[in-house]
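**Student:** Structure incoming, see below.
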């Protein structure tokens, strides 16, 4: 029961501070699940992020569900998902009411502009974390990092194919997943 309580509190915290979308919370989930509580390893976290991006639904919800499932099975998945979602629902309702009431205020307008800029910075941080995890197998920049040249090649070819031929990203993920399974075996 203590583990479920920890999951709930951790994902309530994650949901509470996940302003800006799913990619923004990736470093936060990593900090709590991998570093603080050591529920999962860095490699398992990378796998969860990959699976979460490929499955339908919001990234934050998918990641919470997979982490909770890994930690405490179905009850853990339900608790982690609930914790992640309920904070955002409550905040959204309160913000909607606040903005409806003060929508003409210049202070509210400027505050929202600042929040957009902060969200962009957090998204860039999350993208950097994903690239480091994928290409180097680390979450922080380090001179001792070992480059995964297969991942770099897959990334470069995928980016080229997406830009040059405008291939469907889902089809590209399926194809690279199959090819990756063949190459790595």
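Values in this text are rule-based calculations from the coordinates and carry no lab data. Remember, predicted model here, so these are calculated numbers, not experimental data. Cβ: placed from backbone, ideal geometry, glycine included. Neighbour counts: every protein chain shown.
**Student:** If neighbour count is taken as other Cβ atoms inside 10 Å, put 8, 162 in order from fewest to most. Don't skip to the end; give the middle numbers.
**Tutor:** On the way: 8 19, 162 13.
Ordered by Cβ neighbours within 10 Å, fewest first: 162, 8.
**Student:** Also: If you average the alpha carbon positions of the stretch 53-99 and of the stretch 127-185, how far apart do those two centres end up, in angstrom?
**Tutor:** Centre-to-centre distance over Cα atoms comes out at 27 Å.
**Student:** When a footprinting reagent is the concern and you count Cβ atoms within 10 Å, what order do 119, 52, 142 take, fewest first? Show your work: numbers first, answer last.
**Tutor:** Numbers: 119 15, 52 22, 142 10.
In order of increasing Cβ crowding within 10 Å: 142, 119, 52.
**Student:** When Cα Rg over 2.2 N^0.38 Å is calculated directly from the model, which label among [x] 1.16; [y] 0.96; [z] 1.31 fits?
**Tutor:** The listed entry that was calculated here is [x].
**Student:** Mind pulling the angle between the C-alpha long axis of helix 149-165 and the longest principal axis of the chain? Nearest 10 degrees, somewhere in 0 to 90.
**Tutor:** 70 degrees
**Student:** Could you calculate the contour length gain from residue 142 to residue 128, that is, 0.36 nm times the residue separation minus the distance between their Cα atoms, to one decimal place in nm? Intermediate results must be reported in sequence, preceding the final value.
**Tutor:** Values: separation 14, 0.36 × 14 = 5.04 nm, distance 1.31 nm.
Between residue 142 and residue 128, full extension yields an extra 3.7 nm.
**Student:** How high is the FRET efficiency between residue 156 and residue 116 when r is their beta carbon distance and R₀ equals 25 Å, given to the nearest 0.05? Write down the numbers at each step before the final one.
**Tutor:** On the way: r = 31 Å, r/R0 = 1.23.
The value I calculate is 0.20.
**Student:** While we're on this one: Taking the beta-carbon count within 10 Å as an exposure proxy, list 37, 102, 23, 107 from fewest neighbours to most. If you can, show how the numbers build up before the last one.
**Tutor:** Details: 37 14, 102 11, 23 21, 107 8.
Taking fewest neighbouring Cβ atoms as first place, the list is 107, 102, 37, 23.
**Student:** Right, another one. Quick one: helix 106-136 against the long Cα principal axis of the chain, what's the angle to the nearest 10°, folded into 0 to 90?
**Tutor:** Relative to the chain, helix 106-136 is tipped by roughly 20 degrees.
**Student:** Expressed as an acute angle from 0 to 90° and rounded to the nearest 10, what is the orientation of the C-alpha long axis of helix 42-54 relative to the principal long axis of the chain?
**Tutor:** 80 degrees
**Student:** Per DSSP H run of n ≥ 4, the term is -39500 (n - 2.57); total these for the chain, divide by its residue number, and report the mean residue ellipticity at 222 nm rounded to 500 deg cm²/dmol. Each step should come with its number before you reach the end.
**Tutor:** Details: 7 runs with 144 residues, N = 185.
Estimated from H runs of four or more residues: -27000 deg cm²/dmol.
**Student:** Next up: Along Cα→Cβ, 7 Å out, is where each label goes; now give me the distance between the ones at residue 109 and residue 41 in nm to one decimal.
**Tutor:** Using points 7 Å along Cα→Cβ, the separation is 5.4 nm.
**Student:** Okay, next question. Could you give the nm distance between label points at residue 16 and residue 175, where each point is 7 Å from its Cα heading toward the beta carbon?
**Tutor:** 4.6 nm
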